Amino acid sequence: MQPGKQSGIRRVTSWQLVGAQLRHFRRLAGLTQAALAEQAGVGEDTIASIEQGRRALQLDMAIQLDELLDTKGTLRVAVEKIPRKERYQALVKDFVQYEQNAVSLLWYESQLVPGLLQTESYARFVFGCTYPPLEEEEIEKRVTDRLDRQKILERKPRPILHFILEESILHTQLGDPEVMREQLLHLRRCMDLPFVTIQIMPRSTPRHAGLSGPLILLETPDHDGLAYIDGQLRGELYDEPADVSALMQRYGMLRSQALTVAESTRLLDALLDALLGETCPAQHTPVPQPSTGSSPATATVTAEPASKSPPTPPPSTSATPR
């Protein structure tokens, strides 16, 4: 084969084979993609993506589809036998699904409040900073999708969520001062949730294990470890045990370098005291539960104008789980 020439052989993935099985069984049952999607309670595009092998068929859905199509566990067995190296696909939409089902999640951020903790107005401003600029309709769609991900905060059984945020994130001025004031109050409320832990990485630290950038680690219901690394245009998902272990060690070092939970709470309280001009009321204020089309953090806050601080340019963003 000449250099630069393709062999002409198109590799068929295990997910394409599973998708072909699903398409075959659906047609035998006399159902359209739309009809099966309605019965399964998912979008038609989800069924189409699975049949084309572009989206992984999750085990719980495989079991559901086996029942709907009377395939006697065929799809469940097929999914269970997928080779480990093909089990996880590095697609944002798939990562979000893993995130929603995670037993535990560890998240380090250097520039932005993590997506699961963002308020609606903060998320809208972040997507408004994307370049090339997004159309208003696309911004609203991404905001809605981001807020929908926050349903993990009301999921049962509760996930264990741990976040490490750079202190500079708390001082960044994004848009109107009310945007950051509302966001900081929401972070403080989240600190009181028993399954959420937030630590702050101080701006002055002699050593820092997170200089390579943000990272997310999660444990699946099957107790597999996954790691997600964000990029400018796309993210990358890692499932090799050696890779996940290395990133887990890095996260462990970050935890030891960050302020303790108590110190982080006092730091945020002091910042809110300065912003609000009064004792921080967040300690005893419950986090509002999310509802369709609104953030769990959109409770109205009445406060004095924020004190002035040097503006920081907004961060660049990409269409990622952040």
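Computed values, structure above
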read-out	value
Label point distance in nm, Arg234-Gln52, each placed 7 Å from Cα along Cα→Cβ	1.4
Phe195, Phe25, Phe163 arranged by Cβ crowding within 10 Å, fewest neighbours leading	Phe195, Phe25, Phe163
Orientation-averaged projected area, Cα convex hull of segment 34-180 (nm²)	11.3
Residue order, fewest to most surrounding Cβ atoms within 10 angstrom, among Ser121, Ser204, Ser14	Ser204, Ser14, Ser121
Relative contact order [Cα under 8 Å, 6+ residues apart], segment 92-284, whole percent	27
Ranking of Met248, Met201 by count of other Cβ atoms within 10 Å, fewest first	Met248, Met201
Förster radius 56 Å - calculated FRET efficiency between Glu67 and Arg255 (Cβ-Cβ, nearest 0.05)	0.85
Label point at Arg84 placed 7 Å out along Cα→Cβ; residues across segment 213-257 whose backbone nitrogen lies under 19 Å	217-228, 237-249
Arg207/Glu137 FRET efficiency (R0 51 Å; Cβ-Cβ; nearest 0.05)	0.70
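No lab work stands behind these numbers, since they all come straight from the coordinates. Keep in mind the model is a prediction, meaning the values are calculated, not measured. In this analysis, Cβ positions are derived from the backbone assuming ideal geometry, glycine residues included, and neighbour counts consider all displayed protein chains.
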